[in-house]
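Have a look at the structure below, then the notes.
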Amino acid sequence: MAERLTIPVLPLRDVVLFPGVTAPIGAGRPMTIKSIEAALASPEKLVFAVAQRENIEGVSPEGLYQVGTIAKITQLQRGMSGMQLLLHGDRRAMTMHVTEENGHLVAVVRPLDDMPPVSASDASFIALHKELRARSAELGQKSGLPEEVVQQVLNGIDEPGRFSDLVAGYLDLDTAQRQELLETLAVDDRLRRVLVHVQRQIAVLDAQEDIKSQVQEELGDRQREVYLREQLKTIRRELGDEDDAGEMDELEQRLAKLELPDEARKEVNRELGRLRRAGRESMESQVIRTYLEHVAELPWNTRTEERLDMVEAAKILDEDHYALGDVKDRVLEFLAVRAMRTQKDKDAAASEAAAVAGDPAASDPVAEGRKHSPILLFVGPPGVGKTSVAKSIARAMGRKYVRISLGGARDEADIRGHRRTYVGAMPGRIVMGMKQAGTKNPVFLLDEVDKLGVSFQGDPAAALLEVLDPAQNDSFTDHYLGIPFDLSEVLFIATSNLLQNIPGPLLDRMEIVEFSGYIEVEKVAIAEKYLVPRQLEENGLTAEQISYTGPALLELVQRYTREAGVRQLEREVGKVARKVARRIAAGEVAKVDVTPPLVRELLGRPKLHPEEKSGSDQVGVATGMYYTPMGGDIMFVEATTMRGKGELVLTGQLGDVMKESARAAWTYARSHAEALHIKDEMFDRDVHIHVPAGAIPKDGPSAGITMSIALVSALSGREIRHDIAMTGEVTLRGRVLPIGGVKEKLLGALRAGITKIIIPKQNESDLDDLPAEARKRLEIHPVEELGEVLALALRDARYSEGKLLFGDENPRDVVALSTQFRH
């Protein structure tokens, strides 16, 4: 029986190792490295080098060819990314069995011997052997190897089988072809196959040589053409009839008409001189021409005449946007100040011109009025109209509008451009935006300024500091231009979703205008006025074919969208329109009135299930309110007691601030136990506070009084009213402090069916932001102390003279909350 060996498997990707051939191999996969380590541990240092059927990362016995080469590791070098080793193929072998041991593959292999020809002295076999030697020598020389090296390698091996393996090891073949040669055991058959591949590669090299010769001839013709053209140019210059400068003259005329600053004019003249001296065909002339064309196309002195009609501006803002009263007021204030300042500068310039005739300062009466425009920053959640308001401002002022998106920009060159030393350099997006506007005073929108990134190529936010600083941007220098460009007359408007993502120095240069989310009534009105007509137009419908009822739009707002803006609402309106269009096109109906039942039929079950008020009073369950950029809603805080050691357990993925509020409520309850009618033994029990929707992170101080009420209710056993919601921060002394998002929270509670609300006394001024309709439906209770909250939230409780009373209790028999505090 033939000899069998058990050795580690070294899987190879896109490599086939032949017997007698030494090849370098790189190893980085963990399984491969373990196989090498196992081989190094043996005295022979043998591995079974076998190719993978596919070039994939994973290795399995089924993914390996059956025939490989028993090889010896002759050299090894370890590196950070793996190993580099030198393998010397010894002999062919066939896999009998492959298993995985200690994290690497181990194979039982049987060596394979060459099958010699029937007669080694046969004339055809000898001729085949000699032909392969001759063609191999020819291939080596055509590949660029020295003749003496080729002869030395060929003369070193006489045995035909070994010689065919050596040649096959250096042929440029794919893995399947090399594996086929490795599996060919008959020497004469292997010689014949290797010879075919050698002949093919010789033919390829000959074809490459022919192509190279043709290219050389074409290049020679091109160089000759360039030389002749230069001679022709010289002849024309001598004759005085050169007419190639037409484009050059046109460019010079365009540049001469520009009123450039002295520094810019000097640079332009220098580049024009270089362009005249450079050859037309040279690469440098193309770079210079592109630079000068950029300079010529910039609006150095072109301005758009402003239209500052306040009545017309207010009309445009109302046409384009519903609600956003505070934002519109701020925009109109900005336009009014600009109009007054411009008029004042005109009057002052006119007076000065009358007093000093010919004074150059009076040549541009509104120059100072244009300077130092404020930079506005619109901040708010997505879809509330920040970008469209900027477009409306441009329309109201009669200015050109330019928008660039900065979301994802990570390179300073996006703002300042690339220096001209780089191939393919371009101006930055600010200069390109000005070129696009074609005027010196456009409305320039920097969209998504909070999405700027930072990389090794620089910080774009830092580059914006100069752009957005009114004291510096009158001489903004783009890296590509290399000359100052005046941006002081540009009205920059930036938009952002989150303030905290904007660097402090950049934020300091902008005036913040906050956009809050729309309430449900506003969303329904926006849908009726803007979204429905737009979606009817996009879906080929008319108002006679489909009509949306108010309740249907409210159903879409409450049950199918949850956002501060109206983008998703418009998508849902469009989805309903498409489904109705399909029915009308199929002839099923002629007209459709969209109602809430039809919405559920067309769109399926509701995607959202907003919280609704509890159906009954419960012990330890209080109703709070929260606010996100998508709007406000109610939440329930649950508290219960259990046997334990007097510990406080908090769950519901609460943030640090909420946890601190819970601990403050726990301390307040323990220190005011007698006044709160809590028995001392209750503090020997564990208290568990949980806020449902545990998958959603929650944080903030505004749940302080809600946690306190739930905790006191659980400890005292008294029920909490289910028809009242509350919000406010609580202190250890029981003071109720103000919080944010009052408008959104109250509207969320109203949507959930709760009309009685407890808010901090200091938040009373925020009630002015509520719509009048919502204000009428709500019963607001401003409070300053936790005792007032307890009296309102707990059944049969009242608050008198700083004391919490239940039923018919006499105030003289109860400890006051305001004075009782245990150290």
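State which residue is most open to solvent (accessible area, probe 1.4 Å) when the search covers only region 671-695 and only residues that are charged (D, E, K, R) and assigned to a loop (DSSP other than H, G, I, E, B). Residue satisfying both the conditions and the ranking: Lys679. The single condition among (1) assigned to a strand (DSSP E or B); (2) more than 25 Å from Pro738 (Cβ to Cβ) that Arg583 does not satisfy is (1).
Here the condition is being over 22 Å from Ile780 (Cα atoms), modelled with pLDDT under 90 and β-branched (Val, Ile, Thr); of Ile689, Ile678, it holds for Ile678 alone. Scanning region 85-115 for residues that are under 23 Å from Val16 (Cβ atoms) and not in a strand (DSSP E or B) gives Leu112, Asp113, Asp114. For the residues Val789, Val742, the requirement of being buried (at least 24 other Cβ atoms within 10 Å of the Cβ), in contact with a strand residue (DSSP E or B) (Cβ under 7 Å, 6 or more places away or on another chain) and more than 28 Å from Leu676 (Cα to Cα) singles out Val742.
What's the total number of residues in region 448-497 that are part of a strand (DSSP E or B) and in contact with a Leu (Cβ under 9 Å, 6 or more places away or on another chain)?
Going residue by residue through region 448-497, those that are part of a strand (DSSP E or B) are 455, 458, 476-477, 484-485, 491-496.
Subsequent filtering for residues that are in contact with a Leu (Cβ under 9 Å, 6 or more places away or on another chain) retains 476, 485, 491-496.
The qualifying residues number 8.
Kindly indicate the residue of region 444-476 that is polar (S, T, N, Q) and over 22 Å from Tyr401 (Cα atoms) and also surrounded by the most Cβ atoms within 10 Å (Cβ to Cβ) among those meeting that condition. Looking at the filtered set, the residue picked out is Gln472.
Out of region 613-648, which residues are over 35 Å from the mean Cα position of the chain (by Cα), farther than 22 Å from Leu792 by Cα and in a loop (DSSP other than H, G, I, E, B)? Step through it out loud before you land on a result.
Pass one, region 613-648, residues over 35 Å from the mean Cα position of the chain (by Cα): 613-623, 637-648.
Subset that is farther than 22 Å from Leu792 by Cα: 641-648.
Answer for region 613-648, where residues must be over 35 Å from the mean Cα position of the chain (by Cα), farther than 22 Å from Leu792 by Cα and in a loop (DSSP other than H, G, I, E, B): Arg643, Gly644, Lys645, Gly646, Glu647.
Filter region 273-288 for residues that are part of a helix (DSSP H, G or I) and either under 12 Å from Leu255 (Cα atoms) or aliphatic (A, V, I, L, M) (or both); which is most open to solvent (accessible area, probe 1.4 Å)? So the residue we want is Met283.
Among the candidates Val637, Val712, the residue that is touching a strand residue (DSSP E or B) at 6+ places or on another chain (Cβ under 9 Å), surrounded by 17 or more Cβ atoms within 10 Å (Cβ to Cβ), farther than 30 Å from Glu520 by Cα and not polar (S, T, N, Q) is uniquely Val712.
May I ask you to list the residues in region 770-786 that are in contact with a Ser or Thr (Cβ under 8 Å, 6 or more places away or on another chain), part of a helix (DSSP H, G or I) and open to solvent by 20 Å² or more (accessible area, probe 1.4 Å)?
Going through region 770-786, the residues in contact with a Ser or Thr (Cβ under 8 Å, 6 or more places away or on another chain) turn out to be 777-779, 785-786.
Adding the requirement that they be part of a helix (DSSP H, G or I) leaves 777, 786.
Answer for region 770-786, where residues must be in contact with a Ser or Thr (Cβ under 8 Å, 6 or more places away or on another chain), part of a helix (DSSP H, G or I) and open to solvent by 20 Å² or more (accessible area, probe 1.4 Å): just Arg777.
When region 301-341 is filtered for residues that are under 30 Å from Glu259 (Cα atoms) and either in contact with a Lys or Arg (Cβ under 8 Å, 6 or more places away or on another chain) or outside any helix (DSSP H, G or I) (or both), the ones remaining, listed by number, are Asn301, Thr302, Arg303, Thr304, Glu305, Glu306, Arg307, Leu308. Taking region 649-669 as the range and being surrounded by 18 or more Cβ atoms within 10 Å (Cβ to Cβ) and either in a helix (DSSP H, G or I) or over 38 Å from the mean Cα position of the chain (by Cα) (or both) as the test, the residues that pass are Met658, Ser661, Ala662, Ala664, Ala665, Trp666, Tyr668, Ala669.
Evaluate region 378-388: report whether one residue or more is in contact with a His (Cβ under 8 Å, 6 or more places away or on another chain), in a loop (DSSP other than H, G, I, E, B), crowded, with 22+ Cβ neighbours inside 10 Å and touching a residue at least 24 places away in the same chain (Cβ under 8 Å).
Within region 378-388, the subset in contact with a His (Cβ under 8 Å, 6 or more places away or on another chain) is 385, 388.
Now narrow it down to the ones that are in a loop (DSSP other than H, G, I, E, B): 385.
If we keep only those that are crowded, with 22+ Cβ neighbours inside 10 Å too, we end up with 385.
With touching a residue at least 24 places away in the same chain (Cβ under 8 Å) added as a condition, the list becomes 385.
For region 378-388, residues in contact with a His (Cβ under 8 Å, 6 or more places away or on another chain), in a loop (DSSP other than H, G, I, E, B), crowded, with 22+ Cβ neighbours inside 10 Å and touching a residue at least 24 places away in the same chain (Cβ under 8 Å): present.
Inspection of region 145-156 finds no residue satisfying the criterion of being touching an Asp or Glu at 6+ places or on another chain (Cβ under 8 Å) and assigned to a helix (DSSP H, G or I).
Residues in region 131-161 that are crowded, with 17+ Cβ neighbours inside 10 Å and in contact (Cβ under 8 Å) with a residue 60 or more places away in the chain: Leu132, Arg135, Ser136, Leu139.
Among the residues of region 56-84, those that are among the aliphatic types (A, V, I, L, M) and either under 15 Å from Glu44 (Cβ atoms) or not in a strand (DSSP E or B) (or both) comprise Ile56, Val59, Ile70, Ala71, Ile73, Leu76, Met80.
Just one residue in the set His88, His97 is within 23 Å of Gly161 (Cβ to Cβ) and either open to solvent by 60 Å² or more (accessible area, probe 1.4 Å) or hydroxyl-bearing (Ser, Thr, Tyr) (or both); that residue is His88.
Taking region 578-592 as the range and being surrounded by 11 or more Cβ atoms within 10 Å (Cβ to Cβ) and either touching a residue at least 40 places away in the same chain (Cβ under 8 Å) or polar (S, T, N, Q) (or both) as the test, the residues that pass are Ala581, Ile584, Lys591, Val592.
Select from region 558-577 the residues that are open to solvent by 10 Å² or more (accessible area, probe 1.4 Å), in a helix (DSSP H, G or I) and under 21 Å from Gly385 (Cα atoms) and list them in ascending order. Correct list: Gln558, Arg567, Gln568, Glu570, Arg571.
The number of residues in region 509-552 being of a type in the set (Val, Ile, Thr), surrounded by 15 or more Cβ atoms within 10 Å (Cβ to Cβ) and part of a strand (DSSP E or B) comes to 2. Cβ-Cβ contacts under 7 Å between residues 6 or more apart (or on different chains), taken from a first residue in region 593-620 that is on the phi > 0 side of the Ramachandran plot to a second residue that is of a type in the set (S, T, N, Q), are listed as Gly620/Thr640; Gly620/Ser713.
Residue count for region 121-130 under the criterion of being more than 18 Å from Gly169 (Cα to Cα) and open to solvent by less than 50 Å² (accessible area, probe 1.4 Å): the result is 2.
One residue stands out in region 412-447 among those that are touching a strand residue (DSSP E or B) at 6+ places or on another chain (Cβ under 6 Å) and among the acidic types (Asp, Glu): the one that is farthest from Arg307 (Cα to Cα), namely Glu412. Restricting the first member to region 220-239 and to residues that are part of a helix (DSSP H, G or I) and surrounded by 10 or more Cβ atoms within 10 Å (Cβ to Cβ), and the second to residues that are at pLDDT below 70 and not aromatic (Phe, Trp, Tyr), the beta-carbon pairs closer than 7 Å and six or more apart or on different chains are Val226/Glu281; Arg236/Glu242.
Could you tell me whether Gln558 is among the polar types (S, T, N, Q), out of contact with any strand residue (DSSP E or B) (no Cβ under 7 Å at 6 or more places or on another chain) and modelled with pLDDT under 90? Yes, satisfied.
Quick grid of which residues meet (1) within 19 Å of Thr95 (Cα to Cα); (2) out of contact with any Asp or Glu (no Cβ under 9 Å at 6 or more places or on another chain); (3) touching a residue at least 24 places away in the same chain (Cβ under 8 Å):
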{"site": "Val9", "(1), (2), (3)": "yes, yes, yes"}
{"site": "Arg13", "(1), (2), (3)": "yes, no, yes"}
{"site": "Ile33", "(1), (2), (3)": "no, yes, yes"}
{"site": "Glu54", "(1), (2), (3)": "yes, yes, no"}
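The values are calculated or read from the model by the stated rules, or taken from the named source; none is laboratory data. Everything quoted here is computed from the prediction, not taken from an experiment. Here the Cβ is made from the backbone with ideal geometry for all residues, glycine too, and neighbour counts use every protein chain on show. Quick note on the areas: whole protein, heavy atoms, side chains included, nothing else; ligands and nucleic acids left out. Shrake-Rupley method; radii C 1.70, N 1.55, O 1.52, S 1.80 Å.
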